[in-house]
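Report on one structure; see the data block that follows.
All of the numbers you see were taken from the coordinates with simple rules; none came from a lab. Please read all numbers here as calculations on a predicted model, not as lab measurements. Every residue, glycine as well, gets a Cβ built from its backbone with ideal geometry; the counts of neighbours run over all protein chains shown.
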Amino acid sequence: MRNSVATILLASGLVLAGCNPILRTHGYVPTADARPQAINPDSDTKASVLAALGSPSVQGTFDEEVEEDTWYYINQVRERYAYLRPQIQDQSVTAITFNPDGQVTRVAEYGIEDRRIVDYSDRETPTRGRELSVLEQVFGTIGRIPVDRIGGGQQQDVPGGPGGPR
């Protein structure tokens with residue numbers, strides 16, 4: 001009796017532990033000393049931002065003709081339950097824009113409410129030409145294989161032929 005009660009308690013404890021969420025932080029993690037919000041557009045430069053915050057998560061490289069350079073510091077908190085796919089609980093993106101001289105011109109803060117979902121892949125690889133049906137693929141090779149390569153023709157040492165190492 002005691003063994004069955006202990007087994008039930010152990011099993012229920014494991015089930016409840018599996019329902020406990022796991023939080024993980026990804027990307028740039030601000031500290032008390034280094035916060036992107038503390039950047040001052042009037043006095044900071046690329047060098048001072050790099051010294052204070054470190055390397056950015058992403059640098060903007062969209063257009064070479066634009067005279068401004070933008071650094072993005074991205075922080076994301078994901079919550080995961082047992083075997084389920086992780087869900088984003090919190091996200092912050094700090095965009096710091098520099099002029100050509102390296103002076104900070106703008107600091108923008110974006111939250112999870114500002115995000116947009118972008119589908120990068122449609123899971124389809126484009127191919128050239130037309131698509132063949134299964135029957136066209138099977139019967140399309142009839143008449144295209146040279147007859148002298150089928151069976152025991154004269155060439156015994158042809159790669160892929162009936163010959164082989166002796």
Unit charges at the beta carbon, dipole of segment 18-114: most positive-side option, Trp71, His26, Val58: His26
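Taking a quarter of the surface of the Cα convex hull of segment 18-114, what do you get in nm²?
That works out to 7.6 nm².
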Distance (nanometres) between label positions extended 7 Å along Cα→Cβ at Asp101 and Tyr81: 5.5
FRET efficiency, Tyr110 to Ala34 (Cβ-Cβ, R0 22 Å, nearest 0.05): 0.70
Simple spin-label estimate for Arg24 and Ile74 in nanometres, 7 Å along Cα-Cβ: 1.5
Cβ crowding within 10 Å averaged over residues, with 84-95, 104-115 ranked highest first: 84-95, 104-115
